[in-house]
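The values are calculated or read from the model by the stated rules, or taken from the named source; none is laboratory data. Because the structure is a prediction, the values reported are computed rather than measured. Ideal geometry is used to build each Cβ from the backbone, glycine not excepted, and the neighbour counts take in all protein chains shown. Just so you know, the surface numbers come from the protein's heavy atoms only, side chains and all, with ligands and any DNA or RNA stripped out. Shrake-Rupley method; radii C 1.70, N 1.55, O 1.52, S 1.80 Å.
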Amino acid sequence: MKVFEKLVFPNGSDIPNRIAKAAMEENMADINHAPSEELMRLYQAWADGGVGLIITGNVMVDRRAMTGPGGVVLEDEQHLDTFKRWAQIGRSKGAQVWLQINHPGRQMQSNLGQDTWAPSAVALDLGKMSDRFNTPIEMDQAMIQEVIDRFANTARLGEKAGFTGVEIHAAHGYLLSQFLSPLSNKRQDQWGGSLENRARILIEIVKAVRAVVSETFTVAVKLNSADFQRGGFSAEDAQQVVQMLNGLAVDLVELSGGSYEAPAMQGQARDGRTLAREAYFLEFAQEIRKVAKMPVMVTGGIRRKQVAEQVIESGVDMVGIATALAIEPNLPHQWQQGQNTAPELQPIHWKNKTLASLANMATVKFQLRKLSLGKHPNPKVSPLWALILQQAAMARRTRLYKNQMRHYA
């Protein structure tokens, strides 16, 4: 099976198979925003399960800019020993482990009490839920430079902690994705307007990261194949950005899609009957593959061995799997042993798409929580119950975070 063939990256490093544990938002940091004991247990389960690559959930480059209140932050050496343990656990069975490094931009909830930065002062449009997010401050030159420096600093610290790479998150509507989209980037300076200008911050971050890490340290970029909004970041734009990245030392591009405003990962199309529906972004990936000089990974809805095989057979280099590995962390071993395990959650048919998306994420987090406590996941959990538990946990973490930030200068 091609899925279990080794993959060598442009930097010369390799991974034992083509299955990646794609990033999921865990919100399981300890009180210091370092990896918690629960997080360590969770990653041990994935390491033991046989994936070739583990990509962490969001690791934030700035504690003032969080995708969630319980997020991991790596901005100094204060808790580096804890990060070293996390890296060792992830690598304990031969996988590479990359930190997904991120800045939320305007996708940070207002109840966290922090200023929100974005390329332009364009608020999120989430209908009735829009008031959960502040209208962002338009970033000035100094802010942009600070963000570039912070990405590089987190990557440098990640290598020091023993991680084998970083993935720069420029998808899912977070800050770098906001710069790429003409809907959220209305700037008239060198950071806005043409696609070349909108992609400038991403290119500068890749260069800055490469300048502070070793040649064998893997640098990847997560990109939207499209953001599924009229007039937004398109598939053609994605191809052009990949061509820009071709000239830099980028070892892999992961393709996903969507944002808070247009959550592509959830919805009615997940009946699993067709390859196209299960590997959401495969068609995009095949187009990108034609222009990309680096390996390409596709993430989104893959849960069956046959689909993973077809993705690799089609010329895409890696499959990123998230939800299925939250339900069954031993999936790679099971596939290798000839089992046709295909873990899935119950589809959510709620009319409110934003709420359905939140419930889907809460149901995934419910599984992660179970694994982190050494228990068996429960994919049949009620989405409503998972959402209630998740909202209660988030409220607790939000209070804790706000209290901490009062004492943080």
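Measure up LYS93/LYS207; LYS93/LYS305; LYS222/LYS365; LYS2/LYS293; LYS93/LYS353 against 29 Å on the Cα-Cα distance and list the ones that go over.
Values: LYS93/LYS207 31 Å; LYS93/LYS305 21 Å; LYS222/LYS365 21 Å; LYS2/LYS293 20 Å; LYS93/LYS353 39 Å.
Beyond 29 Å between Cα atoms: LYS93/LYS207; LYS93/LYS353.
For region 298-313 and region 328-369, compute the distance between their C-alpha centroids and round to whole Å.
Each part's Cα centre sits 15 Å from the other's.
Test of understanding: what is the full-extension gain from MET129 to SER194, defined as 0.36 nm times their sequence separation minus their Cα-Cα distance? Don't jump to the answer; show the numbers that get you there.
Values: separation 65, 0.36 × 65 = 23.40 nm, distance 3.10 nm.
Gain in length upon complete extension: 20.3 nm.
Residues of region 47-91 with the amide nitrogen closer than 20 Å to a label point 7 Å from the Cα of ARG399, along Cα-to-Cβ, please.
The answer is 68-71.
Computed FRET efficiency, Cβ-Cβ of ALA211 and LYS351, R0 45 Å: what is it to the nearest 0.05? Walk me through the numbers before you get to the answer.
Details: r = 49 Å, r/R0 = 1.09.
After rounding to 0.05, the efficiency reads 0.40.
May I ask for log10 I(q)/I(0) of the chain at q = 0.08, 0.09, 0.13 Å⁻¹, from a Debye sum over the Cα atoms as equal point scatterers with solvent left out?
Computed log10 I(q)/I(0) values: -0.37, -0.48, -1.10.
From the helices alone, meaning DSSP H stretches of at least four residues, give me the mean residue ellipticity at 222 nm for the chain, per-run term -39500 (n - 2.57), in deg cm²/dmol to the nearest 500. Walk me through the numbers before you get to the answer.
On the way: 14 runs with 159 residues, N = 409.
Calculated from helices alone, the mean residue ellipticity at 222 nm is -12000 deg cm²/dmol.
Place a +1 charge on the Cβ of each Lys and Arg in region 60-127 and a -1 charge on the Cβ of each Asp and Glu, then give the dipole magnitude about the Cα centre in debye, rounded to the nearest 20. Intermediate results must be reported in sequence, preceding the final value.
On the way: 7 positive and 7 negative charges, 73 e Å.
In total the dipole reaches around 360 debye.
Show which aspartates and glutamates lie in cross-link reach of LYS290 when reach means a straight Cα distance below 14 angstrom and same-chain residues fewer than eight apart are skipped.
Leaving aside aspartates and glutamates fewer than 8 places away in the same chain, those within reach of LYS290 are GLU236, ASP317.
For region 17-81 and region 82-136, what is the separation of their C-alpha centers, rounded to whole Å?
12 Å
Got a number for carbon plus sulfur as a percent of region 7-345's accessible area, 1.4 Å probe? Walk me through the intermediate numbers first.
On the way: 5280 of 11680 Å².
With neighbouring chains kept in place, the figure for region 7-345 is 45 percent.
Relative contact order of the chain, please, whole-number percent, based on alpha carbon pairs below 8 angstrom and at least 6 residues apart. Walk me through the numbers on the way to the answer.
Numbers: 882 pairs, mean separation 66.9, N = 409.
After rounding, I find 16 percent.
Nothing charged except the Cβ atoms of Lys and Arg (+1) and of Asp and Glu (-1): what's the magnitude of the dipole of region 7-345 about its Cα centre? Round to the nearest 20 debye.
440 debye
Going by average Cβ density within 10 Å per residue, which order do the peptides 44-55, 368-379, 311-322 take, highest to lowest? All intermediate terms of the calculation are to be shown ahead of the outcome.
Details: 44-55: 22.8, 368-379: 16.4, 311-322: 20.9.
Highest-to-lowest ranking by the protection proxy: 44-55, 311-322, 368-379.
Using only Cα atoms, locate the centre of region 382-397 and the centre of region 180-197, then give the distance between them in Å, rounded to an integer.
Cα centroid to Cα centroid, the span is 37 Å.
Hey, if you put +1 on the Cβ of every Lys and Arg and -1 on every Asp and Glu Cβ in region 7-345, which of GLN334, ALA29, GLY127 ends up farthest toward the positive end of that dipole?
Selected residue: GLN334.
Among TRP86, PRO104, GLY50, which residue has its Cα positioned farthest towards the positive end of the charge dipole of region 1-127, with +1 placed on the Cβ of Lys and Arg, -1 on the Cβ of Asp and Glu, and the dipole taken about the Cα centre?
GLY50
Which residues does a label at GLN88 reach in region 22-53, if reach means a backbone N under 17 Å from a point 7 Å past the Cα toward the Cβ?
Under 17 Å, as judged by backbone N against the label point of GLN88, lie 35-45, 47-48 of region 22-53.
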